[in-house]
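Student: Sharing a structure with you now.
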Amino acid sequence: MPRVLVLNGPNLGRLGSREPDVYGSQDLAALRTLLAAEAGDDVEVEVRQTDDEAELIHWLHEAVDAATPVILNPAAFTHYSYGLRDAAALVTKAGIPLVEVHISNPHAREEFRHRSVISGIATGVIAGFGFDSYVLALDAVRRATPTG
Ligand code: DQA
């Protein structure tokens, strides 16, 4: 069965209690349930979260080696991590889809969130639709993946 990695960066393990006015009141377990329901039987969705930049980079290396499409919410790393950008570029340069997602719309927020160092190497970007950003990204990945 084709697999999709859904990788989440720092502080997203706090979903549910973290700024619910911005990120909603559902937690990561709810995201897992939502995406599993959307995926159905034809794709395996694996949702992970880390606060550790190195771990996130290693997961992207894993995606390259296994040719696994990625849905990536880089969280705050979006705005400054060139290490993460370089790792994400390995994915898309290998011809594997990588969709950058955000729960909120960073462009409607503080100025420092307007810049993403990831978007330039992502296959595409979806932001501002709450957890539906991930659902839309899953659909985009399926459309972009011949087997998906
Ligand atoms: C976020 C937006 C980022 O600016 C922020 O640092 C996050 C979450 C989002 O999903 O809206 O942690 O990526």
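Student: Using Cβ contacts closer than 10 Å as the measure, can you line up Ser119, Ser133 from fewest to most?
Tutor: Fewest-to-most Cβ neighbours within 10 Å comes out as Ser119, Ser133.
Student: Compute from the Cα atoms of the chain the Rg and the Dmax, the latter being the longest Cα-Cα distance, and quote both in angstrom.
Tutor: Looking at the chain, its Cα Rg and Dmax stand at 14.0, 41 Å.
Student: Right, next: What ranking do 71-78, 23-30, 55-62 get when scored by the average of other Cβ atoms within 10 Å per residue, highest first?
Tutor: 71-78, 55-62, 23-30
Student: Okay, next question. Amide H of Val6: which non-local residues (sequence gap of 5 or more, or other chain) have their own amide H closer than 5 Å, using H built in the peptide plane?
Tutor: Under 5 Å from the amide H of Val6 lie the amide H atoms of Glu46, Val47, Arg48, Ile71, each far enough along the sequence or on another chain.
Student: For the range 49-148, state which trypsin sites (Lys or Arg not before Pro) are in a DSSP loop and have at most 13 other beta carbons lying within 10 Å of their beta carbon.
Tutor: Loop-located and lightly packed - Arg109, Arg115.
The numbers here are math on the coordinates, done by the rules we state, and not lab data. Since this is a predicted model, take the numbers as computed values, not measurements. For neighbour counting, all protein chains shown are included, and Cβ atoms are generated from backbone atoms with ideal geometry for every residue, glycine included.
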